[in-house]
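Peer 1: The following block contains the structure, expressed as structure tokens.
The values are calculated or read from the model by the stated rules, or taken from the named source; none is laboratory data. On a predicted model such as this, the values are computed, not experimentally measured, just so you know. Neighbour counts run over all protein chains shown; Cβ positions are idealised from the backbone, glycine included. Side chains included, ligands, DNA and RNA excluded: accessible areas come from the protein's heavy atoms. Shrake-Rupley method; radii C 1.70, N 1.55, O 1.52, S 1.80 Å.
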Amino acid sequence: MKSYISLFIVFLCSLGLKAQSLSGTVIDSSTHQPIAGAAVSIPQLKLATTTDSIGYFHISPIPKGTYELEIQILGYATIIQQVTIKGMANCTCNCKMGASCCSANEIVITALGNITNTQRSPVPVTLVTHNMLLQNSYSTIIDAISTQPGVNMTTEGPGTTKPQINGLGFDRVLVLMDGERQEDFQWGDDHGILIDPYAVYDAELIRGPASLQYGASAEAGVISFKAEPFAESGTLQGSVLTEYQTNNGYIGTSEDVGGNHNGFVWDLRVSNEEAHDYWDPKDGYVWGTAWRQDNGKLTLGLIKSWGYSRISVSLLERRIQVPDGNRDSAGRFEYDAPQNGQLYPTKSDFLAYNPTIAGNKILAEIQTWWQNSISVRKGKLGLDVGFTQSIHHDIDTGTVGSGNFEVKDIPYSLKYQIVGETSGLKLTTGINGTYEFENNYAEPPAPYIGDFEIPNYTDFQLGGYAILEKDFKNLTLSGGLRYDWNNFIGQSMYLVNESTPEQQIVSESTPGAVLQFQSFNNTYTGPSGSIGASYQLPSNNYLKLNVSKSFRAPSINELTSNGVNIGVNAFQLGNLNLKAEEGYQVDLAYGNNGKDVSFEVDGFCNLINNFIFPVRVQSRVSGDSMIDGVPFYQYIANKAIITGFSGYFNIHPSDTRWLEIDNNFTYIYSYFPNQTDSTRHIPWTPAPRLTTEIKFKLQKATSHRLIANSYFEFGMAKYWAQNNIYSALYSEIPSIAYTLFNAGVGTNFVNPATGRVVCSLYINCTNLFNISYADHLNLAQYFLAYSGNPVTVTQQSQGIYNMGRNIGVKLLFPIGGHNATSPAPAME
């Protein structure tokens, strides 16, 4: 690996052609006074700076091309302006900003192929800003975004969260980090998204099919996480962050440092997180919920006149316990088998920062990404290629895994983007996909019993697409087509069980060999397409409409599962005859981006043919819905219809700038046509939700103050009961309504002599009144066993509840410093 990085640095230095720069001033449109501390950025290049005391900014180096320049500061409406860099001359751009209390409603978005902004995008988009992430407490990055409009999450406990968009999750939602796919066990219930939450600077949430640019995995939408922009040219900057949470003793630290020397950019981040078992009012400490994560990431790159090239290498290991709900008759958590003569975990076990005591899993991921953008005539050619190795170990109580395999991916992308200088027509076209191959490790020795969940396989995905977009004065039209080819090849596997309890992988000719997985070669092809428009109406109103067709091939677990998945306490059976899903969705949105009030309401209807899902069925062997002592699930397909609406309503009076009231809501209704009551609704449809947050901004940043941009806030999240469930054989149980309250406070500590932020403090309390609740998408509520024997859960009170009251304290120390008015560490 070191030799590859050295060669890459030599290659970069050999391409040292000088790039251009962009400079200008930012002033108030009414007073014509300079605006200091405004954040000026070019999102496509991950370059940013802030204006100085006279409103001046300078960004360099910048390759030739057309970009969207974004300017933001609290108290002013965001400016988005297209700039074209050509020739060798430095460019200038002077901007005027109008007053507004809400600055984040119109932001550049990069995850839809052609660069656009939130108000002109035909597909509904939610933005999660850097300050929103800083001001909240969470364990994983999916926790942090799970209350945004149209977004939810499923979980089996800490470290296992997965996102949902418009009621669809798992490998129907594509997760990106800096534009690159996360292929880390997307199909598994008990595999969380393997991203360091401290490495995420902000996020774009695309709510609706985005299959055109990304392929089958974006059937429900895209979650695009982005790292912090590179340091300003000629500077070294970074941060040190430390965090503590009271409920599970969560301790998080993250150190980041980066630089930019004449276009040679680099960034290094190292993070660690660990927590003991969490506590809730109903269960007390929940045995089997400790976890730990370590991550390191290095990025090296070069930005010159011809474009940019950068390589990123990251190493992440997450070790998590997965609760099984094993209890005695009095409801106390107990071990599956005695440990050192003990039947029950002690308090010291509950409080141990050691996720190896109970049954647990190790998820490790090694990623290498090489991303390039090269100016070609009037457009840009992008070439990305990566390598990901994801390692999965299931650990029974001990040190040897009972389920072990690794998945390797080689994702790739080649695309060309061009913007017509006179027509303004934007074109993005290209091909992308991934080559994935999985290998099971050897059977562990006795007394561990092997668990072979999926066969050895290869999966080759290839898709080609073209997307066009045209901006008129008030109208934006966008559309495109895509075609995907997906080929699965699975190897047969034979097992034999002789005099010992472990199973051995053997050849077909071995006496007593039993077929575990049959060989197969399945190919899936299908088109995708969309056409949409947005129209800017008078008085800051706007309207959006998008019609799309999506395509998704079955995942490997849907095709081949054949055995006990110890991560979800269930026997799962796949189906090699499943067909590809085909979805047809209509999205309609209406909104207003006013100076005192902003809102958007998004409605959608999605019809999916061959919708694949697991249902609990009766075993032909045992005659009931249990097999090998655990629930028996089989993957089937049906026509599905998902409808709903989501949106936000925010109040930010221009005459009362110290007050902001934000509200968002989500309602999803899903069903299978022509089914009985017990099988009518799609499993795991989220409950309706309304959130409200009231924020008081206490003071602005001024000279000679030790603190600046202080705030305090109160919030509420109301979840209604979910009775629209797939109730057959207790596949799903209804949930109970509940309401959570939270509160937070924060401030910047400033050096009054320099005006630079020395430290930022954030304190946040969730579940303020410490109520007992089980979210409808908390799959741990189905975990119940007595003396190691699983029991069917028939009501929420039997399973595991969500976390109780939690207070988080976060400290952020900037390296290199920021102005007190800068949005980087400051409050919105």
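Peer 1: Note down the nm distance, to one decimal, between modelled labels 7 Å out along Cα→Cβ at His32 and at Gln389.
Peer 2: Placing both labels 7 Å beyond Cα along the Cβ direction yields 6.4 nm.
Peer 1: Can you compute the label reach from Ile807? Point 7 Å from Cα along the Cβ direction, backbone N cut-off under 12 Å, restricted to region 231-271.
Peer 2: Under 12 Å, as judged by backbone N against the label point of Ile807, lie 245-247 of region 231-271.
Peer 1: Next question, about the same structure. Could you tell me how many degrees, from 0 to 90 and to the nearest 10, lie between the Cα long axis of helix 2-13 and the main elongation axis, the longest principal axis, of the Cα atoms of the chain?
Peer 2: The helix 2-13 is inclined about 20 degrees to the chain.
Peer 1: To continue, here is another question. Could you pull out every residue, at least 5 positions away or on a different chain, whose amide H is within less than 5 Å of the one on Asn770? Hs are placed 1.01 Å off N in the peptide plane, and Pro or chain starts have none.
Peer 2: Excluding prolines and chain starts, which carry no amide H, the hits are Arg805.
Peer 1: Next question. By a straight-distance test (C-alpha under 21 Å), which lysines pair with Lys579 as possible cross-link partners, with residues fewer than eight away in the same chain excluded?
Peer 2: Hits, sequence-local ones excluded: Lys549, Lys639.
Peer 1: Restricting to DSSP H runs of at least four residues, report the calculated mean residue ellipticity at 222 nm for the chain, -39500 (n - 2.57) per run over all residues, nearest 500 deg cm²/dmol.
Peer 2: -1000 deg cm²/dmol
Peer 1: Dipole magnitude of region 271-380 about its Cα centre, charges +1 at Lys/Arg Cβ and -1 at Asp/Glu Cβ only, in debye to the nearest 20?
Peer 2: Magnitude of the dipole: close to 1180 debye.
Peer 1: Checking the a/c ratio against 1.5 first, then a/b against b/c, what shape does the Cα gyration tensor give for region 626-758?
Peer 2: Prolate is the answer for region 626-758, as a/c is 1.5 or above and a/b outweighs b/c.
Peer 1: Under 8 Å for C-alpha pairs, at least 6 residues apart: give me the relative contact order for the chain, rounded to a whole percent. Write down the numbers at each step before the final one.
Peer 2: Details: 2465 pairs, mean separation 91.1, N = 828.
For the chain, the relative contact order is 11 percent.
Peer 1: Let me ask something else about it. Using the heavy atoms of the protein chains and a 1.4 angstrom probe, tell me the accessible area per residue for the chain in square angstrom.
Peer 2: Accessible surface, normalised per residue, equals 38 Å².
Peer 1: Explain nothing, just compute: Karplus ³J(HN,Hα) = 6.51 cos²θ - 1.76 cosθ + 1.60, θ = phi - 60°, for every residue of region 373-390 in order, whole Hz, x for Gly and Pro.
Peer 2: 9, 10, 5, 10, 6, 9, x, 10, 9, x, 9, 10, 8, x, 9, 10, 10, 10
Peer 1: Follow-up question, since we're still on this one. Along the positive direction of the dipole of the chain (beta-carbon charges: Lys, Arg +1; Asp, Glu -1; about the Cα centre), which of Tyr730, Val793, Leu543 reaches farthest?
Peer 2: Value computed over the given set: Leu543.
Peer 1: Turning to a different aspect of this structure: Quick one: go through region 654-690 and flag any residue whose amide nitrogen is under 20 Å from the point 7 Å out along the Cα-to-Cβ line of Phe712.
Peer 2: Under cut-off, by backbone N: 657-662.
Peer 1: Can you tell me the length gained on complete extension of the stretch Thr458 to Asn610, counting 0.36 nm per residue apart and subtracting the Cα distance?
Peer 2: Working: separation 152, 0.36 × 152 = 54.72 nm, distance 2.31 nm.
My answer for the length gained is 52.4 nm.
Peer 1: Ok, one more. Assuming R0 = 51 Å, what is the FRET efficiency of Leu698 and Thr92, from their Cβ-Cβ distance, to the nearest 0.05?
Peer 2: Efficiency computed from Cβ-Cβ geometry: 0.85.
Peer 1: Next question. Which of the lysines could a cross-linker span from Lys697 if the Cα-Cα distance has to be under 24 Å and same-chain partners fewer than 8 positions apart are dropped?
Peer 2: Lys595, Lys810
Peer 1: A follow-up question, please. In region 516-594, carbon and sulfur make up what percent of the accessible area (probe 1.4 Å)?
Peer 2: Working: 1600 of 2910 Å².
So the carbon and sulfur contribution to the accessible surface is 55 percent.
Peer 1: Once a ≥ b ≥ c are taken as the square roots of the eigenvalues of the Cα gyration tensor of region 126-166, is the result rounded (a/c under 1.5), prolate (a/b larger than b/c) or oblate (a/b not larger than b/c)?
Peer 2: Oblate, since a/c reaches 1.5 and b/c is not below a/b.
Peer 1: Below 8 Å, C-alpha to C-alpha, sequence gap of six or more: please give me the relative contact order for region 506-593 in percent.
Peer 2: 29 percent
Peer 1: Expected output is a single nm value to one decimal: the length gained when fully extending between Asp655 and Ile763, i.e. 0.36 nm times separation in residues minus the C-alpha distance. What is it?
Peer 2: 36.1 nm
Peer 1: With r as the distance between the Cβ atoms of Asn789 and Leu268 and R0 = 56 Å, compute the FRET efficiency 1/(1 + (r/R0)^6) and round to 0.05.
Peer 2: Efficiency at R0 = 56 Å is approximately 0.70.
Peer 1: Can you tally the net charge around Ala290? Count Lys and Arg as +1, Asp and Glu as -1, for every other residue whose Cβ sits under 11 Å from the Cβ of Ala290.
Peer 2: -1
Peer 1: Give the peptides 299-306, 721-728 in descending order of average Cβ contacts within 10 Å, highest first.
Peer 2: Taking the mean over residues of other Cβ atoms within 10 Å, the ranking is 299-306, 721-728.
Peer 1: Also, I was wondering about something else. When the accessible area of region 650-762 is split by element with a 1.4 Å probe, what percent falls to carbon and sulfur?
Peer 2: Whole-percent figure for carbon plus sulfur exposure: 61.
Peer 1: Give the peptides 415-427, 739-751 in descending order of average Cβ contacts within 10 Å, highest first.
Peer 2: Result, highest mean Cβ count within 10 Å first: 739-751, 415-427.
Peer 1: How high is the FRET efficiency from Val514 to Gln491, r the C-beta distance, R0 22 Å, rounded to 0.05? Present the calculation step by step, with values, prior to reporting the outcome.
Peer 2: Details: r = 16 Å, r/R0 = 0.71.
The calculated FRET efficiency here is 0.90.
Peer 1: Okay, next question. Any lysines with Cα under 17 Å of the Lys226 Cα? List them, leaving off those in the same chain fewer than 8 positions away.
Peer 2: Lys46, Lys297
Peer 1: Of Gln504, Ser121, Ile142, whose Cα points farthest to the positive end of the dipole of the chain (charges on the beta-carbon: +1 Lys, Arg; -1 Asp, Glu; origin at the Cα centre)?
Peer 2: My answer, from the dipole projection, is Ser121.
Peer 1: Heavy atoms only, probe 1.4 angstrom, no DNA, RNA or ligands counted: give me Trp485, Trp369 ranked by accessible area, highest first.
Peer 2: Ranked list, largest accessible area first: Trp485, Trp369.
Peer 1: Can you give the extra length, in nm with one decimal, that the chain gains between Ala352 and Ile410 once fully stretched, where that is 0.36 nm per residue apart less the Cα-Cα distance?
Peer 2: 17.1 nm
Peer 1: Under a point-charge model restricted to the Cβ atoms of Lys and Arg (+1) and Asp and Glu (-1), what is the dipole moment magnitude of the chain relative to its Cα centre, in debye to the nearest 20?
Peer 2: Roughly 2760 debye, rounded to the nearest 20.
Peer 1: What part of the accessible area of region 302-353, given as a whole %, is carbon or sulfur when the probe is 1.4 angstrom?
Peer 2: So the carbon and sulfur contribution to the accessible surface is 51 percent.
Peer 1: Farthest toward the dipole's positive end in region 574-671, which of Asn577, Tyr590, Ser646, given Cβ charges of +1 (Lys, Arg) and -1 (Asp, Glu) about the Cα centre?
Peer 2: Comparing the listed Cα positions along the dipole, Asn577 ranks first.
Peer 1: Scan (1) 0.98; (2) 1.12; (3) 0.94 for the value of Cα Rg over 2.2 N^0.38 Å calculated from this model and give just the label.
Peer 2: Step by step, Cα Rg over 2.2 N^0.38 Å for this structure corresponds to label (3).
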